[in-house]
Structures are given as structure tokens and as C-alpha cells.
Amino acid sequence: MTTSTLTHELTERELGRTLAPRPTVGDAITQTLAMAWRALKKMRRNPEQFFDVVFQPLLFTAMFAYIFGGAISGSVSDYLPIVIPGILAQTALTACIATGTQLREDMDKGVFDRFKAMPIARIAPLAGPMVADLVRYATAATLTILTGLAMGYRPDGGLTGVIGGWLLTVIAGWSMAWIFTWLGTIARSAQAVQGISMMVMFPLTFLSNAFVPADTLPGWLQSFVDFNPVSHVVSAVSDLMNTGQVTSEVWIALGMCALVVAIFAPLSLRSYSRKM
Amino acid sequence: MNSSAPIHPAERRTAPAVVAQGLVKTFGDFRAVSGIDLEVRRGEVFGVLGPNGAGKTTTLKMLATLLPIDGGRAEILGVDVAREPHRIRQLVGVTGQYASVDENLTGRENLWLFGRLQGLSRKRARATAEDLLGRFGLEEAGDKPISQFSGGMRRRLDLAASLITQPPLIFLDEPTTGLDPRTRGQMWDTIRELVAAGSTILLTTQYLDEADQLADRIAVIDHGLKVAEGTPEQLKNSVGSSTLHLRLEDAEQTARAAALTARLLGEVPVLTPESGGLNVALADANQAADVLIALRQADLGITSAAVRQPTLDEVFLTLTGHPGEPEAADESEATTPQPEEVH
Ligand SMILES: Nc1ncnc2c1ncn2[C@@H]1O[C@H](COP(=O)(O)OP(=O)(O)OP(=O)(O)O)[C@@H](O)[C@H]1O
Ligand SMILES: [Mg+2]
């Protein structure tokens, strides 16, 4: 240890520059933002990346409302308050899948070798695209809400309630994206990420209260639904938009999001660093 | 060699640019690098020469912290590679074998991004990008997406990207593979300028002439082992300084011509009897004249004669007893009888 310190100091003196032992938090933030800038440029040049977050909200809102509305709630307008929070959660989750597959695709490119060879924080190449993807989650949330409003949804929570629901959707999307980022760092190919992600996403969305009230389900399923973080996000968004109240569900949902990040961010970082 | 001997910093005033002792890399059961020692002095160009699959890229990647070191140890400018990767990354600029720039960005944006990532202010990052685009003749292409770049432009941008923070040490993995002769010459000039400006360069190549043109010292590696090390002169002398390539008018006479040449030079020629070809190593290029005169006197006509520098294949054949590149193997089996068989 001491000999190594000695020589690097000697080298520093000779070169007239200091060698940081590790990146600081400030460095990590600047680097993450630079990586986000890169991802945004990429999005602008490949607008087809917005396909899922533009068409899915339009299509799913209309489809679910007209197909299940009558059966589940008696009418489309009665079903909208239930289904809009569900679709918000679902589109955010779908947008997350793209975060994981794109990362995997990106990691196979030559430029990642350069990122690895540069003295930058290991988190930056992972977190940068996720910051940029906030744009995608925001687009998905905005379009879902607008489609709902156009179809006659009149949220009782008012403007603040709707903004709250929108914000929570974006936060939840960003948090859940860490699960898919982790899948992106462990899978062998982008297709594999896509496949595994689908298997993760379907139970998460359909085994929740996103599209049907949980009390219509058999008991054993209800316990999973109650535990599912997506259920809490849906309930919280629903509370915000339909009542305007910051209920305990909102805090539970935020807690769940924090928990997901606390588990999957370190896992992603570890498997990304090990890949090199 | 003495792979376990520690490097004592107290014993020297300035650390060498690179010291590697007994480097090992295994992929599963396969040893891609099996105990390589290297010492690169400051300010020199050190060439790692080897055929496809020799372990050049793997060695370079271990030194650049891109692959974990499985055995042995390495220091760069006195800093331990395995223990202090972040410091190593501040000392080394790496230009990989395959272009490592972002396809979705323009040349200018690429350089700006790499500058920002390495702590330059927005303004400095922009100025550095401009400066490098100018130095590498890419000003006009600066705003084109990389997908519209030619291979040579990509390579230059890649090298430019490695120089943003002016690292004291530069690694170049096969910097001219796939470039046309003119672009290759330009790349060589650029590398010479870097050396003149005080950089230390570790480069890999498959071409002896490239190592010869650029490197002060060369290590030849094959199957993950170092098989020779020395200056380009020393290496070439180990296989004869040049080779005389002859083609006889009458292929039937090849054996006679070979015997004559062998008597004259004390060196056994390599033959291609079907086409009347005869290649022989020359200790001194002037010996070519002696051979030609002797053939004329013996009434052996030739259709072509050329004196060439030894190729990597010949260096390999001499150093390792097997042909260098797999592609060349078939051909050389047909054309080069092993020296033992000729005797
Ligand atoms: N990630 C890997 N997994 C398994 N084997 C590998 C891996 N990387 C390299 N190898 C093997 O290690 C050996 C050395 O590879 P390396 O890329 O270092 O060769 P090289 O000298 O750079 O060759 P080239 O001139 O073709 O670039 C090869 O046989 C290669 O197949
Ligand atoms: Mg290689």
C-alpha cells in the first residue's frame, strides 16, 4: 500500500497533475448528465424510440375503456377513473422495458469500451440513459391522461390531483426501470432482455389492481396483488387523481419505489462493473 | 521469467511507463495470455507484434483495466493496475482495435461528450473538440454522423478521442489494420508527432513493416507467450536482413539453382518448384548481385528478381518454427519446405 502511494505521488509530481483515487459524487452527477445528453441526442435522431410511449397510451386507453368498461363498471365513463391509473402504471412499465433493452444494445457497442477505459463513475453510463428516459415516461403519462380526458374522464382530484398522479407515474417509471436495467446488465442479448422483461411485466401489471378491482379476485391471488408494488402505485395514482388526497397509499407507493431502487441500483452497478 | 519478484520503487528514480510481470488471462480453460513480461520505457514506441489470436488485444485490455488480470501484475508509471484502476484510467488513452466512438453522434459531439465526461468545462470541451478536429483533418466532417465516416476518418476520430486529456501514455490496438496505404502513412505521421510531443506509445500490430517504421522496441508474441524481444534491427537480423525472391525461366532447373545459391551463400533457399520460385535470406543486400551473376554464369535464366524485407511470416517461421497466420499456413506448407527437410 505505502509503496504504491509513494510512486503515484512521484508520478503526479513528474506529470504536474493530480490523479484522483476515485470519482467524487460531483463528478458522478456531471457525468450522468453528460450521458443523459447523449441519450437525448440519440432519441432525437431515432424518433421511433417514442413509438411505444405514444401509441400505447392512445390505443390501450381507448381499447380497455370500450371493451371492459361496460362489463366491469357498467359504463365507459364509470370505468375511466379505474382504468386511467392502471394504464398509467402499465405504460410506464412498458417504457421501462425499452430502457433495459436499449442499455443492453448500447453495452455491446464499441463506445462502451471507451466509457470503461475512461476515468468516470461506473454509475454514469447506467444512470444517464435513465435520466433521459424521464422524457419518455412523461410523454406516456401525459398522453394517457389527455386521451382519458378526451374520452370524458373528469378527475375529482382537480388539476393538482392530476399533476400529482402524473408526477407519481414518472417517479414510479424511473424507479421500476432499475429492475429492467439490472436485467439489461445480466442478460446475454437485447432479445433476452426483451423476453425476460415481458415475463416480469405481465404478472406485475395484470396481477395487480390496474384493470380490475382486487376484491373480485380469488383470495390467494389477492395476497400477491396486495404485495405487488404496481398495485400500490395504481392505488396511489388513483387516490391523487380521483380524490386529490395524499393518502397513506401515496407514501407506501413512494416507499416501494425507493425500495426497488435501493435493491436494483446496487445490483445493476455490481453486475455492470463485473462485466468489464 | 522472474514473475514473482516485486517491483521496488525505491530502486529507481522514475518508474518505467509500463512494467508487466507474468501477465495471465484465461477464458474458461483457454489461456489467451500465459505469462507475458513487458517493460515499456518512457518516451518510446513499443510494438507488440503477433498474428491473429496471439493475445495482443487481451494483453492491452488488461493493462488498460478493461479486463481483470488473472495472474501476474502490472504497473503503469508506478501505479498498480489491478489496485488503482481509476488512477490508471487517468494515465492512459486507449484506442481500441474496433472503433469506439458513438455512432449516433457527430464527430464534434463525440469529442465534446468525452471531454465533458473527463471533467472539462463546457467551454474547454468545445475548444478541445475544435482543436482535435483541426489537428486530425476532420473539421469539415465534424458535423457529419459517424455512420457517414470512412474507415480512415473513424480511426482518426478514435485516436483524437484518446488524446482529449493529453494522457502521458497511449495504447493503440492495430491502429492501421484495414486502412489503405495512404491513410496508413498519415496515421504513421500522426503517431510520430505524438512521440515527438513526448507521449509514450504502446501499439500492437500484425505487420512487421509497421513495427519497423514506428517502434523503438518490439515484443513478438504468439499463443499468449512472448517469443522474442528487441529492436526492429535485431529482429530482422535474426531472420537475415532481407530476402532475395527469384523466379526461374525453367522451373525444372529450380533444384540446380537452389544448390548453387546454397553453395554461394551458405544459406538454404526456400523453393516453389512448380513455378520456379526461389527465396533466400541475405545477410547483406549486396549478396543479391553475387547470386544473379552466378546464375547467369551457370546459364540459368530468370524472369523476375526482387530483394525484400523479411515479412512477419518469415520472422515467425524463424522464431517459432510455425507459420504466423492461419490463412498463410496452407500456402507456406506448399511453398516452404521446413529447413530440416531440405538439409
Ligand atoms: N472474451 C473472450 N472469451 C473467450 N475467448 C477470448 C475472448 N477474448 C479473446 N479470446 C481468445 O483469446 C485469444 C487471444 O485473443 P486476442 O483478441 O487477444 O488476439 P489478438 O492478438 O488481438 O488477435 P487479432 O490480431 O485478431 O486482433 C484468441 O484465441 C481469442 O479467441
Ligand atoms: Mg486484437
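The values are calculated or read from the model by the stated rules, or taken from the named source; none is laboratory data. Just so we're clear, the structure is a prediction, and the values are computed from it rather than from any experiment. Cβ atoms come from the backbone with ideal geometry, glycine included; neighbour counts cover every protein chain shown. Just so you know, the surface numbers come from the protein's heavy atoms only, side chains and all, with ligands and any DNA or RNA stripped out. Shrake-Rupley method; radii C 1.70, N 1.55, O 1.52, S 1.80 Å.
Brief remarks follow.
- Residue check for B:T176: of a type outside the set (G, A, S), touching a Lys or Arg at 6+ places or on another chain (Cβ under 7 Å), under 22 Å from B:A20 (Cα atoms) and within 16 Å of ligand 1 (Cβ to nearest atom): no
- Some residue of the stretch A:118-134 being modelled with pLDDT of 90 or more, open to solvent by 40 Å² or more (accessible area, probe 1.4 Å) and within 13 Å of the chain's Cα centre (by Cα): yes
- The number of residues in the stretch B:32-57 being surrounded by fewer than 19 Cβ atoms within 10 Å (Cβ to Cβ) and within 16 Å of ligand 2 (Cβ to nearest atom) comes to 2.
- Look at (1) more than 13 Å from chain A (Cβ to nearest Cβ); (2) hydrophobic (A, V, I, L, M, F, W, C); (3) open to solvent by 10 Å² or more (accessible area, probe 1.4 Å); (4) over 19 Å from the mean Cα position of the chain (by Cα) and you find that B:L120 fails only one, number (1).
- Failed condition for B:D216, given (1) crowded, with 22+ Cβ neighbours inside 10 Å; (2) at pLDDT 90 or above; (3) not small (G, A, S): (1)
- In the stretch B:169-206, the residues that are within 16 Å of ligand 2 (Cβ to nearest atom) and among the β-branched types (V, I, T): B:T176, B:T177, B:T204, B:T205
- Exactly one residue among B:R155, B:R192, B:R108 is in the same structural domain as B:L66 (by TED's automatic domain parsing) and at pLDDT below 90, and that residue is B:R155.
Table: residues versus (1) more than 10 Å from every other protein chain (Cβ to nearest Cβ); (2) in a loop (DSSP other than H, G, I, E, B); (3) surrounded by fewer than 19 Cβ atoms within 10 Å (Cβ to Cβ).
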position: A:L10; (1), (2), (3): no, no, yes
position: A:E14; (1), (2), (3): no, no, yes
position: A:A39; (1), (2), (3): no, no, no
position: A:R44; (1), (2), (3): no, no, yes
position: A:D52; (1), (2), (3): yes, no, yes
position: A:F55; (1), (2), (3): yes, no, yes
position: A:T61; (1), (2), (3): yes, no, no
position: A:V83; (1), (2), (3): yes, no, no
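- The lone exception for B:L49 - which of (1) without any contact (Cβ under 8 Å) to a residue 60 or more places away in the chain; (2) more than 11 Å from chain A (Cβ to nearest Cβ); (3) in contact with a helix residue (DSSP H, G or I) (Cβ under 7 Å, 6 or more places away or on another chain); (4) not β-branched (V, I, T) it fails: (1)
- Qualifying residue in the stretch B:152-166 (condition: more than 16 Å from ligand 1 (Cβ to nearest atom), in contact with a strand residue (DSSP E or B) (Cβ under 7 Å, 6 or more places away or on another chain), hydrophobic (A, V, I, L, M, F, W, C) and in a helix (DSSP H, G or I)): yes
- In the stretch B:175-195, the residues that are under 25 Å from B:N52 (Cβ atoms) reach residues that are open to solvent by 60 Å² or more (accessible area, probe 1.4 Å) with C-beta atoms within less than 7 angstrom, at least six apart or across chains, in these pairs: B:W188/B:Q213.
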